[in-house]
1. Filtering segment 108-124 down to residues that are buried (at least 22 other Cβ atoms within 10 Å of the Cβ) and either within 16 Å of ligand 1 (Cβ to nearest atom) or in the same structural domain as Glu60 (by TED's automatic domain parsing) (or both), which residue is nearest to Met154 (Cα to Cα)?
2. Looking only at segment 88-100, decide whether some residue is within 16 Å of ligand 1 (Cβ to nearest atom), of a type in the set (A, V, I, L, M, F, W, C), within 14 Å of the chain's Cα centre (by Cα) and surrounded by 19 or more Cβ atoms within 10 Å (Cβ to Cβ).
3. Can you find a residue in segment 74-97 that is more than 13 Å from Thr51 (Cβ to Cβ), touching a Gly at 6+ places or on another chain (Cβ under 9 Å), within 15 Å of ligand 2 (Cβ to nearest atom) and in a helix (DSSP H, G or I)?
4. State whether the residues of segment 244-251 include one that is in a loop (DSSP other than H, G, I, E, B), among the aromatic types (Phe, Trp, Tyr) and under 27 Å from Asp143 (Cβ atoms).
5. Out of the residues in segment 283-324 that are among the hydroxyl-bearing types (Ser, Thr, Tyr) and modelled with pLDDT of 95 or more, state the one that is farthest from ligand 1 (Cβ to nearest atom).
6. Mind listing just one residue for me: the one in segment 222-274 that is of a type in the set (Phe, Trp, Tyr) and either crowded, with 23+ Cβ neighbours inside 10 Å or touching a helix residue (DSSP H, G or I) at 6+ places or on another chain (Cβ under 6 Å) (or both) and, of those, nearest to Gly77 (Cα to Cα)?
7. Does Leu18 satisfy the condition of being within 25 Å of His285 (Cβ to Cβ) and at pLDDT 95 or above?
Amino acid sequence: AKPYVFITMQIPNEIVSLLEKVAHVGMWEADIPCPRDKLLEEAAKADALFTMVVDRIDEEVLRTGQNLKLVANMAVGYDNIDLKTAKQLGIMVTNTPDVLSEATADLTFALLMATARRLVEASLALYEGKWTSWSPMYMAGQDVYGKTLGIVGMGRIGEAVARRAKGFDMEILYHNRHRKPDAEEKLGATYCSFEQLLQQADFVVSLAPLTPETRHLFGRREFELMKKTAIFINASRGPVVDEDALYHALKEKQIWAAGLDVFQQEPVPIDHPLLTLPNLVPLPHIGSASIPARMAMARLAAENIMLGLSGQKPKTLIDEAMWTSHRSR
Ligand code: GLV
Ligand code: GLV
């Protein structure tokens with residue numbers, strides 16, 4: 001019998017067709033998350049799950065999946081998946097690295113520039129009829145060219161952001177769990193301690209994945225260490241930031257502005273205190289949302305499923321050890 005694949009959100013038809021060549025395919029045909037009871041019901045039948053960052057693939061889902069061989073997350077991040085349980089059960093987990101790095105770096109840099117030059121605030125003022133005249137300091141912001149960029153989390157996306165920053169003649173600092181001699185050589189990035197980065201950077205950019213160690217990495221103390229003119233950008237995961245601390249830092253002008261593509265709770269509640277601040281540029285988690293990047297992510301997730309279901313090693317396993325533990329289960 002053909003294996004069964006469940007896709008938790010509507011994806012483009014051409015990707016569904018690819019999967020239909022090798023499997024029966026079910027799909028939650030909506031642009032809102034698949035309800036929990038439906039997800040559990042489908043997981044119980046599925047050989048593979050094609051999942052999104054909004055799906056919580058926890059122990060209950062994984063244990064329900066008696067036939068489950070593989071979870072293919074259409075994202076580079078995988079904090080939504082209980083890896084420990086997946087490993088125990090010999091279920092493979094894949095993500096979609098590389099294919100989204102440039103698109104995400106483009107968005108990160110766009111958000112940095114939009115925040116520095118107050119693009120959203122200025123455009124809204126125009127729409128609201130508040131553009132009364134050119135004037136010397138009207139909507140004046142911060143410079144980007146030649147300033148110091150501090151990247152926290154120097155993975156592939158961080159390196160792609162650094163390449164853009166080179167064109168803006170920026171000094172590039174980074175902090176990461178491991179030093180990246182390659183990035184230091186190719187990009188002229190300078191490794192420094194977290195504290196030094198916070199104190200010296202004009203732009204502090206978070207690209208750190210969400211792990212127990214990075215939860216609330218940016219809190220009251222961290223914002224206090226930053227320059228008064230600093231701009232904080234978060235393009236990784238909401239919970240790396242203590243949002244109360246950020247609210248106070250922005251409200252009390254401890255830092256100058258922030259740009260957030262991600263939030264503790266998504267969608268961010270429209271009455272969230274952060275959204276009352278003029279010096280915040282919020283975006284609805286669109287880091288990788290270019291058409292080519294999203295198509296490439298969907299295709300890669302599908303390829304991982306097709307390989308896994310035919311007994312071959314998927315292209316982008318989160319952890320190579322998953323291959324051996326899957327084969328020996
Ligand atoms: C999106 O946030 C991703 O991890 O790809
Ligand atoms: C992690 O994979 C990153 O690209 O930053």
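The values are calculated or read from the model by the stated rules, or taken from the named source; none is laboratory data. Remember, predicted model here, so these are calculated numbers, not experimental data. FYI the Cβ positions are ideal-geometry reconstructions off the backbone, even for glycines, and counts take in every protein chain you see.
1. Restricting to residues being buried (at least 22 other Cβ atoms within 10 Å of the Cβ) and either within 16 Å of ligand 1 (Cβ to nearest atom) or in the same structural domain as Glu60 (by TED's automatic domain parsing) (or both), the top hit is Thr108.
2. Scanning segment 88-100 turns up at least one residue that is within 16 Å of ligand 1 (Cβ to nearest atom), of a type in the set (A, V, I, L, M, F, W, C), within 14 Å of the chain's Cα centre (by Cα) and surrounded by 19 or more Cβ atoms within 10 Å (Cβ to Cβ).
3. The answer is no, given that none of the residues of segment 74-97 is more than 13 Å from Thr51 (Cβ to Cβ), touching a Gly at 6+ places or on another chain (Cβ under 9 Å), within 15 Å of ligand 2 (Cβ to nearest atom) and in a helix (DSSP H, G or I).
4. No, segment 244-251 contains no residue that is in a loop (DSSP other than H, G, I, E, B), among the aromatic types (Phe, Trp, Tyr) and under 27 Å from Asp143 (Cβ atoms).
5. Taking the candidates together, the pick is Ser310.
6. Restricting to residues being of a type in the set (Phe, Trp, Tyr) and either crowded, with 23+ Cβ neighbours inside 10 Å or touching a helix residue (DSSP H, G or I) at 6+ places or on another chain (Cβ under 6 Å) (or both), the top hit is Phe263.
7. Against the criterion (within 25 Å of His285 (Cβ to Cβ) and at pLDDT 95 or above), Leu18 does not qualify.
Condition check ((1) among the aromatic types (Phe, Trp, Tyr); (2) touching a helix residue (DSSP H, G or I) at 6+ places or on another chain (Cβ under 9 Å); (3) in the same structural domain as Leu225 (by TED's automatic domain parsing); (4) touching a residue at least 40 places away in the same chain (Cβ under 8 Å)) across all residues:
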| position | (1), (2), (3), (4) |
| --- | --- |
| Ile151 | no, yes, yes, yes |
| Gly158 | no, yes, yes, yes |
| Lys166 | no, yes, yes, no |
| Met170 | no, yes, yes, no |
| Pro181 | no, no, yes, no |
| Thr190 | no, yes, yes, no |
| Gln200 | no, no, yes, yes |
| Leu207 | no, yes, yes, yes |
